[in-house]
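The values are calculated or read from the model by the stated rules, or taken from the named source; none is laboratory data. Because the structure is predicted, anything quoted here is derived from the model rather than measured. Don't worry about glycine lacking a Cβ; one is built from the backbone with ideal geometry, like all the others, and counts go over all protein chains shown. Accessible surface areas use protein heavy atoms only, side chains included; no ligands, DNA or RNA. Shrake-Rupley method; radii C 1.70, N 1.55, O 1.52, S 1.80 Å.
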Amino acid sequence: MKTRDLIQLLVEDGKQPSSPLGKTVALVFLGGVALIVAFFAIFVGMRPDFSEAIWTARVGFKMAIVIALAVAGFGLLLQLGRPTARVAPWIWFIVALAAVLLTGSIVELFMIPSDRWSNNLNGSNRTFCLVAIPALSIIPLVAAIVGLRNGAPINSTLAGAGAGLAAGAVGATLYALNCNNDSPLFVAAWYPIAIGFVVLTGAILGRTTLRW
């Protein structure tokens, strides 16, 4: 092959539209989210008093945190599917959310008597929280991993962990709709542990399934 022919081939290849990695990851992941939302709506459902409780400060704060984390997880997931991932903005956003949640917990400590701290921290169903959030995250996690397999993540373990975070945040959001433990102390103590299980699972799956 002559040099000018090689150059021409490279030029023509550059004109081809690049694969929409972000779109593919988004569609597959959102498909998984739609499935778990449908499952949740049919078999679990929101807490009976949610329409009234959402207007209270605690429930509003809880829902704002988990929804914002789900948005951040989704944004991070889209970046991790690219070979030129820019994750720093989303990482800082997640750190800011953690700071807001920590601040809310500290405010709660000042607002309630100390003899109620333990009850608010432990709630009535922390064990169920630690099981329900990962269970609600399984389908979104599988969907995220499948989506990333159509992408080009540089670090397979990190990409898997990001998939776990996105899926875990979805699971936490759905669980929060049903959970009647609204204290920021409960959310700050147990939600991150439950989501952490999903992140760890995602990292393991990513390491084994997302290698180039």
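Could you check the range 108-118 and list, in sequence order, the residues that are open to solvent by 70 Å² or more (accessible area, probe 1.4 Å) and touching a residue at least 60 places away in the same chain (Cβ under 8 Å)?
117 - this is the single residue of the range 108-118 that is open to solvent by 70 Å² or more (accessible area, probe 1.4 Å) and touching a residue at least 60 places away in the same chain (Cβ under 8 Å).
Filtering the range 58-77 for residues that are touching a residue at least 60 places away in the same chain (Cβ under 8 Å), touching a helix residue (DSSP H, G or I) at 6+ places or on another chain (Cβ under 9 Å), of a type in the set (Phe, Trp, Tyr) and surrounded by 20 or more Cβ atoms within 10 Å (Cβ to Cβ) leaves a non-empty set.
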